[in-house]
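The values are calculated or read from the model by the stated rules, or taken from the named source; none is laboratory data. Values in this document were obtained by computation on a predicted structure and should not be read as measured data. Note that we place each Cβ from the backbone using ideal geometry, even for glycine, and neighbour counts take in every protein chain shown. Quick note on the areas: whole protein, heavy atoms, side chains included, nothing else; ligands and nucleic acids left out. Shrake-Rupley method; radii C 1.70, N 1.55, O 1.52, S 1.80 Å.
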Amino acid sequence: TVLLPAWPMRAACAHFAGAVTSDAPSLLRRMAAAAGVLYNASGKARCYALPRSALDGGDGIWDWQYCTQRLPQETYFNLTGGRDMFWRFNKSAATIATHCTRRFPGVVQRPGWIAATSAFSSAGSASHIIFSNGEYDPWRSGGVLRNLSSTLVAIEVPQGAHHLDLMFSNADDPEPVRAARRAELALVREWVAQPLPRVAHTSD
C-alpha cells in the first residue's frame with residue numbers, strides 16, 4: 001500500500017518553489033516530480049505510460065461507464081494545444097461515439113442517460129440521497145449544492161477534495177471533513193432506523 005501525502009496538490013506544487021521560468025529543462029523536471037506525487041507515489045516508476053488517445057479514459061477504469069452512461073458535459077473538454085499544456089484534441093459527440101464503438105462493439109451507448117434519469121428538480125423525484133461537495137473538488141460546480149427536501153440533503157465540505165469524506169479517515173484530515181462524515185453517518189443511521197413504507201399487494 002502506497003499512501004499519498006496529505007494535501008497532495010500542495011505537495012505537487014511545492015516542486016515548483018524557486019522555479020525560474022526561463023529554465024525549461026528545470027521546469028520539465030519539476031513537472032515530472034509534481035506528476036509523480038500521484039503517478040509515482042511509490043518512487044519506483046522510471047517512466048509514465050502515456051495514453052494512446054485523449055479518449056482512452058484517462059486512467060482507463062472509467063471508460064465503460066463513460067461510454068454507457070455518458071455525462072453530457074464530457075464533450076466540453078477540448079484540448080487546444082495553445083491555451084493548455086496538452087496535445088491538440090477536439091472532443092465531440094461523434095468522436096466519443098466512434099471511440100466507444102471501437103472499444104466496446106455492440107454495447108448500447110446512452111448519451112445523456114445520467115442527466116435524464118437524475119433530474120432532482122423536485123422534492124418527489126427521489127429520496128434518501130446525500131450530495132456531498134468538497135470545496136476543492138472541480139466537479140463541485142456541477143453538484144447539488146442545496147437541500148432539495150428533508151431526504152435530499154446537500155453537505156458542503158470546506159477544505160474537502162473529491163469524495164475525501166468517503167475515504168478512510170486519516171490523522172491529517174481537516175476538521176470540516178470529519179464534521180461532514182459525522183453528519184452523513186447521522187443521516188444514514190436515521191434513515192436506516194425508519195420503518196419501510198407498506199406496499200399494497202394485489203392478487204390476480
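Of note:
- Low-density loop positions, trypsin sites (Lys or Arg not before Pro), the range 86-175 - DSSP coil, at most 13 other Cβ in 10 Å: R88, R146
- Taking amide H as placed 1.01 Å from N in the peptide plane, Q159 has its amide H under 5 Å from the amide H of E135, Y136, each at least 5 places away in sequence or on another chain.
- Rounded percent of accessible protein surface that carbon and sulfur make up, the range 118-174, 1.4 Å probe: 55
- Taking trypsin sites (Lys or Arg not before Pro) across the range 4-45, the ones in a DSSP loop with at most 11 further Cβ atoms lying within 10 angstrom of their Cβ are K44.
- Loop-located chymotrypsin sites (Phe, Trp or Tyr not before Pro) in the range 137-204 (DSSP state not H, G, I, E or B) with no more than 12 neighbouring Cβ atoms inside 10 Å: F168.
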